[in-house]
Protein chains: 4
Amino acid sequence: MNKLRIGVIGAGYWGPNLIRNFLLAPNASVDAVADAQESRRKFIADRYPTIRLFADAKEMIADPQIDAVVIATPVSTHHPLAKAALTAGKHVLLEKPMCASSAECDDLIAVAKQRGLTLMVDHTFLYNGAVRKIRDLVQSGEIGDVLYFDSVRVNLGLFQHDVNVLWDLAPHDLSIMDAIMGPNATSVSAVGQSHFNRPQANIAYMTVSFGGSALAHFHVNWLAPVKVRMTLIGGSKQMIVYDDTEPSEKIKIYDKGVTITSNNVEEIHKTLVQYRTGDMRAPRLDGTEALYLVAKEFVESIRDKRQPLTDAASGRRVVAILEAADQSMKLGGQPVKL
Amino acid sequence: MNKLRIGVIGAGYWGPNLIRNFLLAPNASVDAVADAQESRRKFIADRYPTIRLFADAKEMIADPQIDAVVIATPVSTHHPLAKAALTAGKHVLLEKPMCASSAECDDLIAVAKQRGLTLMVDHTFLYNGAVRKIRDLVQSGEIGDVLYFDSVRVNLGLFQHDVNVLWDLAPHDLSIMDAIMGPNATSVSAVGQSHFNRPQANIAYMTVSFGGSALAHFHVNWLAPVKVRMTLIGGSKQMIVYDDTEPSEKIKIYDKGVTITSNNVEEIHKTLVQYRTGDMRAPRLDGTEALYLVAKEFVESIRDKRQPLTDAASGRRVVAILEAADQSMKLGGQPVKL
Amino acid sequence: MNKLRIGVIGAGYWGPNLIRNFLLAPNASVDAVADAQESRRKFIADRYPTIRLFADAKEMIADPQIDAVVIATPVSTHHPLAKAALTAGKHVLLEKPMCASSAECDDLIAVAKQRGLTLMVDHTFLYNGAVRKIRDLVQSGEIGDVLYFDSVRVNLGLFQHDVNVLWDLAPHDLSIMDAIMGPNATSVSAVGQSHFNRPQANIAYMTVSFGGSALAHFHVNWLAPVKVRMTLIGGSKQMIVYDDTEPSEKIKIYDKGVTITSNNVEEIHKTLVQYRTGDMRAPRLDGTEALYLVAKEFVESIRDKRQPLTDAASGRRVVAILEAADQSMKLGGQPVKL
Amino acid sequence: MNKLRIGVIGAGYWGPNLIRNFLLAPNASVDAVADAQESRRKFIADRYPTIRLFADAKEMIADPQIDAVVIATPVSTHHPLAKAALTAGKHVLLEKPMCASSAECDDLIAVAKQRGLTLMVDHTFLYNGAVRKIRDLVQSGEIGDVLYFDSVRVNLGLFQHDVNVLWDLAPHDLSIMDAIMGPNATSVSAVGQSHFNRPQANIAYMTVSFGGSALAHFHVNWLAPVKVRMTLIGGSKQMIVYDDTEPSEKIKIYDKGVTITSNNVEEIHKTLVQYRTGDMRAPRLDGTEALYLVAKEFVESIRDKRQPLTDAASGRRVVAILEAADQSMKLGGQPVKL
């Protein structure tokens, strides 16, 4: 197979990380980078003298020597850039969140399908060792039924100008939730608050319901004194604590829980709940850089003509939940159906 | 002044702690204890041979040798027992939550007022050194405006039969919130979930709004693998982390935050947000047992004919929020006005 | 079997804990308590009205209604009291450290042997769930050879008047070391320092050698700002961290270590060291109160006419090491042979 | 002033960090790099195409276009390289430890003095924000007299071939100790142990005495399951905990300690010790990269013709202690005078 010739749009904060990892990925080359800012183009030229540079992304998209486009620009530009690339017959990898609305996502999905092109979203977290281990534990049934998913992602963060704290921080946790709890979320409610006369909420709480007994909840906050990156996953058999700030033991699996000793339906209100406390273990995690695996997955899913792990459908589900959360915030926290 | 002669109703889990502390409090004596269970009366008799014991609380309430009644029984019995005691002319200290409904609270408040009796709620947390320090920091203005109050109280807890996890765990945090953010909460929304075919929610999230820009949020959970007792308080000047599981440094005050450098109203969307990172300090806390100070406050507020720190009005506010939360949970999370 | 009738000497800080646990132990009764201080005798009388009280321990020792004596007095009195009890035909449980010198220990051991009596030392730590688990892990061979034992026990502690910090704090860790590394320590070196013109060292470091490649080291300190109770145990297969201040996960077992890939003796200087990093696990620990198990072991070892787990020989080994450490401190840290 | 033209010897692990920081430092340029390995020269050429490269360090030292030489090679080569550079009239910055013996240090110091050249040691830790803050606290008298210095630096580390664990890890802590406790150490004792038939000790404990009542102790270990970087500093007024693994609050200052209430010399044995517990604070620390400040100090001390903060005399003191520790280890832990 020939190397996949990649063009990257956007060489700001995240773009250079993508370039570095696509250069390491097998069967891929980074041939071109587009950025409107001259200083960013110079930054790339200094480090990678052989990469062709474009001030205008459209020009790079039109280049027949490019097979695939990686888009790392502000979310408002995702749809037009990706649509242009797909229309030009290029495979596309989009930064998270995928688009500014689910309608935009749908549009891209339709074009990609029609043209038989790969459309993937860079939900990086799904490729790190901790989250892959959690997925394995859930999918193998070791954890039992997932009863709840509780995530806290807070610190003294940069106040964004264009999006609120949910669109900034929650896509990470929503993509993890999506991989673990499945695609059947039914409704969303959210409350948020902005401070200092800022237009965008800088603290928000969001709940995602799944119809049955499962529940997911998210706390995101740009105005917290300490950094917390903590996810609790309650399973009917075991429970997981995922603390991303821990240097080595990011995942702890607790053989703790509740045992129901009466199954007599008539005695349902007298159910005997017993508590079970067992060992805890922190499995060794694969330390491969997640973004390298993102690059590898993009290349391989194109080659194998298969859906990538973080496909456009999952990207759309995350955007749909954020969209519903915005609506719920406007309605003062009323639940919004998905 | 003669010693306040106290009768305690309920010698189960909490009652003995109350007895022990009222025996230590100045100007008080524990003269009688009522409990329907013989084993609990024997437990008290073995330890305190001079305390008179009653199987029937009504009898003890009727005793003219008793000045004040302390009620540590299930919440459904609070109203009838407290009403009987007040009607018999006794001062009353009620365990939290004060009653099963705000209507019950109102009824007791009216009787107490009419008879000129003290009616106090045992919101124990407000008397511990950490919460008193937080109150001081907020009231002195050191923290600035309180922007948010975020509380997490989770662990593998006993599934209660009569109340859900909010009524069990949240009164602690609501009483702290009430003391810090003031009495002007405007609406409540809550979602919860029960598992294992149990009738009562064992995990719940609750948001309390205050009209303006302040927000309070609560996560309570009987089904968590680890014990978390963490409160974040975001102030416009400083921020507090209160971790009740820390053995010695329960409160950390961060001189961290955001500075707004433009106050130009027209440039509101261009506000310059700057981040400020300063020292952290963990003040020494008074280690006096909180329940001893509860006992002392009850005795002194009766003597001085003044409202106690945790008066019936605050107890009622906590119950009103729990009541609204139950309603919101039934409505799938819709906000309910207070 | 008739109940073992126990007399306790010393009702100060630790005595009441012993009384409480011997009252719970099967086949034992606490019949008498001796304490020279009237206030302590009153303390016992208030709680246990049926226990006979003695101001003079000698009188209690002479009482034919007593089968066994438990001694919880300052270490300087251990030898005379225990010798009197053994001579009077009573079994003896001694608080740690066993005696003020190894010669005193030898004398008691000889008398106990001659009279066929049980002589046991209360090395409580060996009965707690964490240390029992560590012992099991070492004895089962799971850990491999023990390469080192490193213990830190520091905090802002009471400055003792009669003993230095080693005699106060190190017996705990020495008894654990003895159970894990075996009885073949060969030499001891120690340095210590006193401050504030106090006669006794308030900080000390001690090393115990075992001839071969194993090493044990101890840091004890009454003048530390934080409480640390941490033991590292390096094994050739696995390593253990025992943190006694952790509320729930006191023991962590790391499947980490070093693998030697060349065994060629001639290439010894080229040995290839490889690092192995595996899972960590925190086993569930038995939460039974250690002192209850001490009481049970004392009663059962008397009944079964067998050596107790913490026998006089182990008590003597701990004292011999402390004695050598004192000598080494006087010699400025020179190693002293055992 | 003209730019100081620097040549770096050794482009292995640490050399590139030195190059990067000297390139940022004011009034300095990195003109040349010498490394015997071609792959390392290529590594530098790819990143810094304008730097001249030498396979032979001697050649670079002889180059009249070079004003100062930075040496980042194994310790056994420090003396010959530095001597050649000084003899050629170049200022020298040496990696830690300064040399393989104090005699080698003396020789370099003599040559530097004779030629009027700057000779500095890269004790990087003395330039990081945490250690600078500790120095300030000690020098301002806030901490009071330093009573002890206790350092633990352990983890699963690379077994070195040429030096033992003390020479590898302890120079960091010895340089901090030297800055805080002053240059008057009087004797050293150390014990160590090698495992897996390795020639060099992989675990070691070292004590440094200061004649008076101050004591310093070091635990270094390549075979520990967890990473610990903890220093306790006990002062007569306040105490410091320095935990270098903490992401943000590396230094905690405890207003805790002991108060002596009797100064009556005759009552020395009855001294009343009282415990004082006050606030804890974690000061904000300057986050400037320490190695940048090392580079700046080297350049400025040459320009100002003054001794650098980490001068050759301090480098020699660290080496002399390591030398004495090796001797003490050979003597089984006997203290060795400095």
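Taken together, the values in this text are just the output of simple stated rules run on the coordinates, not laboratory data. From a predicted model like this one, the values you see are computed outputs, not experimental measurements. Cβ coordinates were reconstructed from backbone atoms using ideal geometry, including for glycine residues, and neighbour counts include every protein chain displayed.
Using alpha carbons only, how many degrees (0 to 90, rounded to 10) separate the axis of helix B:290-303 from the longest principal axis of chain B?
Between the helix axis and the principal axis of chain B, the angle is about 70 degrees.
With θ set to phi - 60° and the Karplus curve 6.51 cos²θ - 1.76 cosθ + 1.60, what are the ³J(HN,Hα) couplings of segment C:115-124 in order, to the nearest whole Hz, using x for Gly and Pro?
So the Karplus estimates, Gly and Pro as x, are 8, x, 10, 7, 10, 10, 10, 7, 8, 3 Hz.
Of A:174, A:147, A:93, which is the most mobile in a GNM of chain A whose springs link Cα atoms less than 10 angstrom apart?
A:147
In this model, which of D:227/D:330; A:227/B:133; C:58/C:90; A:227/B:237; A:256/B:96; A:252/D:250 are farther than 20 Å apart at the alpha-carbon?
Details: D:227/D:330 28 Å; A:227/B:133 23 Å; C:58/C:90 12 Å; A:227/B:237 18 Å; A:256/B:96 29 Å; A:252/D:250 25 Å.
The pairs that break the limit, which is 20 Å between Cα atoms, are D:227/D:330; A:227/B:133; A:256/B:96; A:252/D:250.
Evaluate the relative contact order of segment C:144-230 (contact order divided by residue number), counting alpha-carbon pairs under 8 angstrom at least 6 apart; express in whole percent. If you can, show how the numbers build up before the last one.
Working: 161 pairs, mean separation 39.9, N = 87.
So the answer I get is 46 percent.
With +1 on each Lys and Arg Cβ and -1 on each Asp and Glu Cβ, how big is the dipole of chain A about its Cα centre, in debye rounded to the nearest 20? Mind dumping the intermediate values first?
Values: 37 positive and 37 negative charges, 70 e Å.
Dipole magnitude for chain A comes out near 340 debye.
Once phi is turned into ³J(HN,Hα) by the Karplus curve 6.51 cos²θ - 1.76 cosθ + 1.60 with θ = phi - 60°, what whole-Hz value does each residue of segment A:167-184 show in order, with x for glycine and proline?
5, 7, 9, 6, x, 3, 6, 5, 5, 5, 4, 4, 6, 9, 9, x, x, 9
Let me know the shape class of chain B, please: from the alpha-carbon gyration tensor, a ≥ b ≥ c as square roots of the eigenvalues, rounded when a/c is under 1.5, otherwise prolate if a/b is greater than b/c, or oblate.
prolate
Of B:311, B:56, B:150, which is the most mobile in a GNM of chain B whose springs link Cα atoms less than 10 angstrom apart?
Largest GNM mean-square fluctuation: B:56.
Based only on Cα atoms, what Rg/Rh ratio does segment A:1-135 have, Rh being taken as Kirkwood's radius?
Numbers: Rg = 14.6 Å, Rh = 15.2 Å.
Dividing the radius of gyration by the Kirkwood radius yields 0.96.
What is the list of residues in segment B:14-51 whose amide nitrogen lies under 18 Å from a point 7 angstrom out from the Cα of residue C:46, following Cα to Cβ?
Those under the cut-off are B:16-31, B:44-51.
For the protein assembly as shown, just say rounded, prolate or oblate: build the C-alpha gyration tensor, square-root its eigenvalues into a ≥ b ≥ c, call rounded for a/c under 1.5, and beyond that prolate if a/b exceeds b/c, oblate if not. Let's see the in-between values first.
Numbers: a/c = 1.86, a/b = 1.11, b/c = 1.68.
Cα axes put the protein assembly as shown in the oblate bin.
List residues of segment B:77-108, by number, whose backbone nitrogen lies under 17 Å from a label position 7 Å along Cα→C-beta of residue B:58.
Residues passing the 17 Å test: B:77-89.
Determine the relative contact order of chain A: mean sequence separation of Cα pairs under 8 Å and six or more apart, normalised by residue count, in whole percent.
Values: 711 pairs, mean separation 63.1, N = 338.
Dividing the mean separation by the residue count of chain A yields 19 percent.
Would you please give the residues with an amide H less than 5 Å from that of residue C:187, counting only those at least 5 places away or on a separate chain, with H modeled from the backbone geometry?
C:209, C:211, C:338
Based on alpha-carbon centroids, what's the gap between segment D:49-81 and segment D:208-232 in Å, whole number please?
35
With the Cα gyration tensor of segment B:27-74 giving a ≥ b ≥ c as the square roots of its eigenvalues, does the rule (a/c under 1.5 for rounded; else a/b larger than b/c for prolate; else oblate) give rounded, prolate or oblate? Walk me through the numbers before you get to the answer.
On the way: a/c = 1.68, a/b = 1.19, b/c = 1.41.
In terms of gyration-tensor shape, oblate.
Would you mind working out the magnitude of the charge dipole of the protein assembly as shown relative to its Cα centre, with +1 at each Lys and Arg C-beta and -1 at each Asp and Glu C-beta, to the nearest 20 Debye?
Details: 148 positive and 148 negative charges, 0 e Å.
Dipole magnitude for the protein assembly as shown comes out near 0 debye.
In segment A:23-136, if the dipole is taken from +1 on Lys/Arg beta carbons and -1 on Asp/Glu beta carbons about the Cα centre, which of A:99, A:23, A:109 is farthest to the positive end?
A:23
So, in Å, what gap is there between the alpha-carbon centers of segment B:133-200 and segment B:1-31?
28
To the nearest 0.05, what FRET efficiency results for residue A:184 and residue A:103 with a Förster distance of 22 Å applied to their C-beta separation?
Working: r = 21 Å, r/R0 = 0.95.
The calculated FRET efficiency here is 0.55.
Just to be sure I understand the model, the point goes 7 Å from the Cα along the line to the Cβ. What's the resulting residue D:246 to residue C:286 distance in nm?
The two pseudo-label positions are separated by 3.8 nm.
As I understand it, the dipole of chain A uses +1 on the Cβ of Lys and Arg and -1 on the Cβ of Asp and Glu, about the Cα centre. Which of A:157, A:233, A:259 lies farthest toward its positive end?
A:157
In segment A:276-312, which trypsin sites (Lys or Arg not before Pro) fall in coil by DSSP and have 12 or fewer other Cβ atoms within 10 Å?
Numbers: sites: A:276, A:281, A:284, A:296, A:303, A:305, A:306; in loops: A:284, A:305, A:306.
Counting only loop positions with at most 12 other Cβ atoms within 10 Å, the trypsin sites (Lys or Arg not before Pro) in segment A:276-312 are A:305, A:306.
Would you mind checking which residues have amide H under 5 Å from residue B:143's amide H? H placed 1.01 Å from N; only 5 or more apart, or other chain.
The list, which skips near neighbours in sequence, is empty: none.
Among DSSP bridges having both ends in chain B, what percentage is antiparallel? Round to the nearest 5. Kindly include the intermediate steps, with their values, before the conclusion.
Values: 42 of 70 bridges.
Of the beta bridges lying entirely in chain B, close to 60 percent run antiparallel.
In Å and from the alpha-carbon atoms only, list the Rg and Dmax of segment B:216-338.
Taking only Cα atoms of segment B:216-338, I get Rg and Dmax of 20.5, 58 Å.
Give me the percent relative contact order of segment A:106-265, please, defined on Cα pairs under 8 angstrom at least 6 residues apart.
On the way: 276 pairs, mean separation 41.4, N = 160.
Rounded, it is 26 percent for segment A:106-265.
For a quick check, take a GNM of chain A with Cα springs below 10 Å and name the residue from A:204, A:45, A:312 with the largest mean-square fluctuation.
The residue with the greatest mean-square fluctuation here is A:45.
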